[in-house]
Structures are given as C-alpha cells and as structure tokens.
1. Tell me, what is the percent relative contact order of the stretch 46-161, built from C-alpha pairs under 8 Å that lie six or more residues apart?
2. Which value at 222 nm does the chain reach when only helices count, each DSSP H run of 4 or more adding -39,500 (n - 2.57), with the total divided by all residues and rounded to the nearest 500 deg cm²/dmol?
3. Taking θ = phi - 60°, what integer Hz values does the Karplus form 6.51 cos²θ - 1.76 cosθ + 1.60 yield along the stretch 40-54, in sequence order, with x for Gly and Pro?
4. Reported to two decimal places, what Rg/Rh ratio describes the stretch 148-218 when computed on Cα atoms with Rh from the Kirkwood expression?
5. For the chain, how many pairs of lysine residues have a Cα-Cα distance under 26 Å, where the two are 8 or more positions apart or belong to different chains?
6. Candidates (1) 18.1, 62; (2) 17.5, 50; (3) 20.0, 77; which is the computed Rg and Dmax of the Cα atoms in Å?
7. Taking only Cα atoms and a 10 Å spring cutoff, compute GNM fluctuations for the chain and point out the largest among Ala161, Ala23, Ala107.
8. Over the chain, what is the percentage of antiparallel beta bridges among all DSSP beta bridges, to the nearest 5?
Amino acid sequence: MKYRSVFDIIGPVMIGPSSSHTAGAARIGRVARSLFGREPKWANISLYGSFAQTYKGHGTDVAVIGGLLDFDTDDQRIIHAIDIANERGMKITFIEEDAVTDHPNTARVIIGDHDGELELVGISIGGGKIEITELNGFELKLSGNHPALLVMHNDRFGTIANVANTLAKYEINIGHMEVSRKEVGKLALMTIEVDQNINNQLIEELEQLPNILKATKIAD
C-alpha cells in the first residue's frame, strides 16, 4: 500500500501555502538543526530548480529558517522566522542556483558557528515528505519520517554487526539501513531508520563500541 494514512495524501498539518515548498522545506531545515545539535550562528542556503524560482512566494525561505530554529511545520512563528533569526543574531544568505539537479525541489543547507559546520542536501518530494541525500559529503537516503540513527565510524570489519547487535539488545527494529563511505578503510557513515524511539543510553553504548566515532539520533 502506497499511503499509510490520509495525511500521506493531503500532507501534514502545516503553515502554508505549499506542502512541498513550505512544509518540506521546514523539515529539511529542522533535520539540519537536529543533526547540528544546536541553533546555528549562520546559514548559507542554496536553492535549486522550483525552490529557486518560487521560494519567496511560496514561503520556502521562511520555512527553511523556521526549521533551523526548531519550529515544527504547524508553528505559527514560521511566518516570522527570518525576523526571529535576525533578532537572535543569525546571519542568513540565500543563493539561487542555476545548476540542474535530479529533483526540482532541492536545497543545500550549510550551517555553522564557532564550534563547527554542517552541510546537508535535502529534497522535498511532495506532501511534506523529504529525503536527505547528502551529509558532509556522504551520500545517504534519510526520509526524516522515522526515528533514525546516524553513526560515523571507521570502515572496519565487524563494525556494522556490532551496531546491529546493540540495537537488537535494546529491541530496536531496523526499517532501513545503508552505509556510505568515501574511501575503503577510511571514514564511513551508517544511516539507520528504526521503528522505536531511541534513548540516550543506547547512544552512549554505541559510542563505546570499537571504531565508532559518533552516534547521533534524529527524533520522528
């Protein structure tokens, strides 16, 4: 069955006008905020295709910034998100890109502060749903619709099995999992979407495993 509920057809509860250009954009921004772990001090947002052509009229700009401020899709503050971000001292730059991408509703979000940076590419696929296709140069496929784990690790034998066994210990069921690496034997990234919420104890245990560098959870 293609749709799990009526909300998969009509889209989420949201600030309008568009589930693709507004709700989807807000979710892309909010996933970036979740992965960064804090409110960024600056944001460079490159918009492609339809996003670049209509982002002001459809509220894509305020939606992405609202997500970076950790506002949900139905939060009335999204309308004033850019003003709120400016008041908080966030430096914002929007770039209208001419490059042709695989999907017309594509955004590249680069955020940071004095402690670090994060780069993420997300697409809005309709009905408020999104996919994250790139994170800090790693290719991945993350829907943002389920609790998820991102595990940065050294590319070594047995590492994936150790993570899977730890999830089994906590009775966490894996819905989707993939591994991306830039070079054999170097850094790799596990993307794991699961069916249950993830607690901090699990994160701490994962980070104690051999070859695990960092584990990050994303709430549904």
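1. Values: 151 pairs, mean separation 24.2, N = 116.
Relative CO of the stretch 46-161 lands at 21 percent.
2. Numbers: 7 runs with 58 residues, N = 220.
Helix contribution divided over all residues of the chain: -7000 deg cm²/dmol.
3. Listing the rounded values in order: x, 8, 8, 8, 10, 10, 9, 10, 10, x, 4, 4, 5, 7, 10 Hz.
4. Working: Rg = 11.1 Å, Rh = 12.0 Å.
Result for the stretch 148-218 is an Rg/Rh of 0.93.
5. Taking the chain as the scope, the lysine pair count is 21.
6. It is the one labelled (2).
7. Its mean-square fluctuation being the largest, the pick is Ala161.
8. Details: 45 of 51 bridges.
Looking only at bridges with both residues in the chain, the antiparallel portion is about 90 percent.
Taken together, the values in this text are just the output of simple stated rules run on the coordinates, not laboratory data. This structure is a prediction, so every number in the text was calculated from the model and none was measured. All Cβ positions, even for glycine, are placed from backbone atoms using ideal geometry, and neighbour counts span all protein chains on display.
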